[in-house]
1. Scan region 140-152 and report the pairs whose first residue is more than 17 Å from residue 104 (Cα to Cα) and whose second residue is among the β-branched types (Val, Ile, Thr), with Cβ atoms within less than 8 Å and a gap of 6+ or a chain change.
2. Working carefully through the options 210, 253, find the one that is of a type in the set (Phe, Trp, Tyr), assigned to a strand (DSSP E or B), at pLDDT 80 or above and more than 30 Å from residue 123 (Cβ to Cβ).
3. In region 64-87, how many residues are closer than 18 Å to residue 44 by Cβ and part of a helix (DSSP H, G or I)?
4. Could you grab me the full set of residues in region 98-122 that are surrounded by fewer than 20 Cβ atoms within 10 Å (Cβ to Cβ) and either under 22 Å from residue 77 (Cα atoms) or touching a residue at least 24 places away in the same chain (Cβ under 8 Å) (or both)?
5. Which of (1) in a strand (DSSP E or B); (2) modelled with pLDDT under 85; (3) in contact with a His (Cβ under 9 Å, 6 or more places away or on another chain); (4) among the hydrophobic types (A, V, I, L, M, F, W, C) does residue 193 not meet, given it meets every other one?
6. Quick check on region 1-54: of everything there that is over 24 Å from the mean Cα position of the chain (by Cα), within 17 Å of residue 131 (Cβ to Cβ) and in a helix (DSSP H, G or I), which residue is modelled with the lowest pLDDT?
7. How many of the residues making up region 213-241 are assigned to a loop (DSSP other than H, G, I, E, B) and of a type in the set (A, V, I, L, M)?
8. Mind listing just one residue for me: the one in region 123-176 that is within 30 Å of residue 190 (Cβ to Cβ) and of a type in the set (A, V, I, L, M) and, of those, modelled with the lowest pLDDT?
Amino acid sequence: MTRPGLARISLGVIVAVAAGNDLASAQQRPYQLLSNELIKYGRFQELPAPVLTLVDSAIKHYDNNAHQKSLRDLKKISGMDEARRATSLFRSWVYQWLALNYFALDSSESARFYIRRSLDEDIDIWPDYFDADRFSGQFLGLYHLGYTEIFNRFNKKRQSVRFAPLGTIARADYSYRFGLVDLVIGGGATVVLAEKQKLKLKHNDDLLVYWRVQRMRKNYKKLTGGFYGEFSLLLKKSEKPAKAISVGPILSYTYRSDWEIGSTFEAVRLIIGGSADTNLSQTAFNEKGTLALSYGNFEFYFRKWF
């Protein structure tokens, strides 16, 4: 049998713990109840006190259904210099909550406008950072539409021009996407040469015209891998052009401006026929006039999609 005094002590401990938890929750500022990852990567705790005060106020007004007051606070934040200097994820959050308030007021057009602004600042705000307790399925549906519109618009851009000024071979080319692959035509020149076991940086008369087939996924703000196969003609003065076949991987990153930066790594380049002699910096073997094999050539490039 439990002693009455002990039962009262146990009950008192439970009540005290519960009260302590409620007090700790009450002492937390409203912004601290947002997603931990959002707070961390949005760097909320680094924001000046006036900005955080308005953030807390906007959240409290939204939760109390005072949406006009929440909109007022959020618009003040978006106009502050401190907010403009904050992370893109924080600015995206401000526009996300502007959209959330307009959606609560049944202003779908304004909600869609701020959803676009939010995605422009940080496309990963959806689906990585959203509040499951406050975001309805319909609101997330609007976000999903805005998210897919961005990729659909980008996928319609099939042409691109590319410049690769840095690397062992400098290049410029044009590509057109057919289905899952890009067909590329371009030209370039050898830049880094090996002469007498020393590397030299210069533009030689070793020019090339090439045709390339490459497979790349088109993504925004994500590192994307791919691969290519290339056939090229090596043109030298007073010599018969040589033929080359090469393959290698690609790594790229595309910005919302439709500019892509990336690098290709030429795993193998086999030169056959004509004047097969090569003085590329990485050469495995070179049988003059008949066959040559080089490897490890690379380039860093900029591409613009249109």
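The values are calculated or read from the model by the stated rules, or taken from the named source; none is laboratory data. Note that the coordinates shown come from a computational prediction; the quantities given were computed from them, not determined experimentally. Ideal geometry is used to build each Cβ from the backbone, glycine not excepted, and the neighbour counts take in all protein chains shown.
1. What qualifies is 146/115; 147/123; 150/123.
2. Details: 253 fails: more than 30 Å from residue 123 (Cβ to Cβ).
Exactly one residue qualifies, and that residue is 210.
3. Here is the first cut: in region 64-87, the residues closer than 18 Å to residue 44 by Cβ are 70, 73-74, 76-78, 80-87.
Now restrict to residues that are part of a helix (DSSP H, G or I): 70, 73-74, 76-78, 81-84.
Summing the residues that are closer than 18 Å to residue 44 by Cβ and part of a helix (DSSP H, G or I) in region 64-87 gives 10.
4. Narrowing region 98-122 to residues surrounded by fewer than 20 Cβ atoms within 10 Å (Cβ to Cβ): 104-110, 112-113, 116-117, 120-121.
Once the filter is applied, which keeps residues that are surrounded by fewer than 20 Cβ atoms within 10 Å (Cβ to Cβ) and either under 22 Å from residue 77 (Cα atoms) or touching a residue at least 24 places away in the same chain (Cβ under 8 Å) (or both), region 98-122 yields 104, 105, 107, 108, 109, 110, 112, 113, 116, 117, 120, 121.
5. Just one mismatch for residue 193, condition (3).
6. 25
7. The first filter runs over region 213-241 and keeps only residues assigned to a loop (DSSP other than H, G, I, E, B), leaving 217-223, 236-241.
Filter once more, so that each one left must be of a type in the set (A, V, I, L, M): 223.
Adding up the residues that qualify gives 1.
8. Going through region 123-176, the residues within 30 Å of residue 190 (Cβ to Cβ) turn out to be 159-176.
From the residues that got through so far, the ones that are of a type in the set (A, V, I, L, M) too are 161, 164, 166, 169-170, 172.
Numbers: 161: 98, 164: 96, 166: 89, 169: 86, 170: 90, 172: 97.
Here the answer is 169.
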